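Colleague: Mind having a look at this structure? Questions to follow.
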Amino acid sequence: QVQLVESGGGLVQAGGSLRLSCVVSGSIFSIGAMGWYRQAPGKQREWVASITSGGSTNYADSIKGRFTISRGNAKNTVYLQMNSLKPEDTAVYYCNAGILSTFYWGQGTQVTVSS
């Protein structure tokens, strides 16, 4: 059974940094692309960043230059380094992984940025 578990969220002041982690357990040898999404209160879930199994990355314009996505050496872990955080980055952040044509989600981790 595939499970994704995020960690690293919390409360930070504007301008601060946080590093989110997501670990995939289960079919770790079939993990393809991984990514991060976020959902702010009253808004739809939006894509933040993604990374392929080969290490190619893509970012949403709203966070480009401030956030960095990376994968661990074991390929079943994905990170999101978030710098220069803004109050508008406040949201629940979700990890996503593509495994054998199915997308799996974590339970989310709350990030709150105070002004």
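Colleague: In the stretch 51-73, what residues are among the small types (Gly, Ala, Ser), within 14 Å of ALA33 (Cα to Cα) and open to solvent by 50 Å² or more (accessible area, probe 1.4 Å)?
Modeller: The answer is SER53, GLY54, SER56.
Colleague: Also, quick follow-up: So which pairs qualify, if the first residue must be in the stretch 1-18 and in contact (Cβ under 8 Å) with a residue 12 or more places away in the chain and small (Gly, Ala, Ser), the second must be outside any strand (DSSP E or B) and surrounded by fewer than 16 Cβ atoms within 10 Å (Cβ to Cβ), the Cβ gap must be under 8 Å, and the two must be at least 6 apart or on different chains?
Modeller: ALA14/LYS86; ALA14/PRO87; ALA14/SER115; GLY15/SER84; SER17/ASN83; SER17/SER84
Colleague: So which of VAL48, VAL23, VAL12, VAL92 ends up being of a type outside the set (Asp, Glu), open to solvent by 50 Å² or more (accessible area, probe 1.4 Å) and in contact with a strand residue (DSSP E or B) (Cβ under 7 Å, 6 or more places away or on another chain)? Even if it seems obvious, please write down each step before you answer.
Modeller: Values: VAL48 fails: open to solvent by 50 Å² or more (accessible area, probe 1.4 Å); VAL12 fails: open to solvent by 50 Å² or more (accessible area, probe 1.4 Å); VAL92 fails: open to solvent by 50 Å² or more (accessible area, probe 1.4 Å).
Matching residue, one of VAL48, VAL23, VAL12, VAL92: VAL23.
Colleague: Name the residue that is least open to solvent (accessible area, probe 1.4 Å), counting only residues in the stretch 74-89 that are in contact with a helix residue (DSSP H, G or I) (Cβ under 8 Å, 6 or more places away or on another chain) and closer than 15 Å to ALA33 by Cβ.
Modeller: Within the stretch 74-89, the first condition is being in contact with a helix residue (DSSP H, G or I) (Cβ under 8 Å, 6 or more places away or on another chain), and the residues that meet it are 74-76, 82.
Retained after the next criterion (residues that are closer than 15 Å to ALA33 by Cβ): 75-76.
Numbers: LYS75: 97, ASN76: 25 Å².
So, considering only residues that are in contact with a helix residue (DSSP H, G or I) (Cβ under 8 Å, 6 or more places away or on another chain) and closer than 15 Å to ALA33 by Cβ, the one least open to solvent (accessible area, probe 1.4 Å) is ASN76.
Colleague: Kindly provide the set of residues from the stretch 102-115 that are in contact with a strand residue (DSSP E or B) (Cβ under 9 Å, 6 or more places away or on another chain), of a type in the set (Ser, Thr, Tyr) and surrounded by fewer than 19 Cβ atoms within 10 Å (Cβ to Cβ), ordered by number.
Modeller: Passing the criteria: TYR104, THR112, SER114, SER115.
Colleague: I would also like to ask the following. Could you please find all residues in the stretch 26-44 being within 14 Å of GLY108 (Cβ to Cβ) and open to solvent by less than 50 Å² (accessible area, probe 1.4 Å)?
Modeller: Listed by number, the residues that qualify are GLY35, TRP36, ARG38, ALA40.
The values are calculated or read from the model by the stated rules, or taken from the named source; none is laboratory data. Note that the structure is predicted; figures quoted are calculated from it, not measured. Every residue, glycine among them, receives a Cβ derived from its backbone with ideal geometry; neighbour counts consider all protein chains shown. Ligands, DNA and RNA are excluded from the accessible area calculation, which covers all protein heavy atoms including side chains. Shrake-Rupley method; radii C 1.70, N 1.55, O 1.52, S 1.80 Å.
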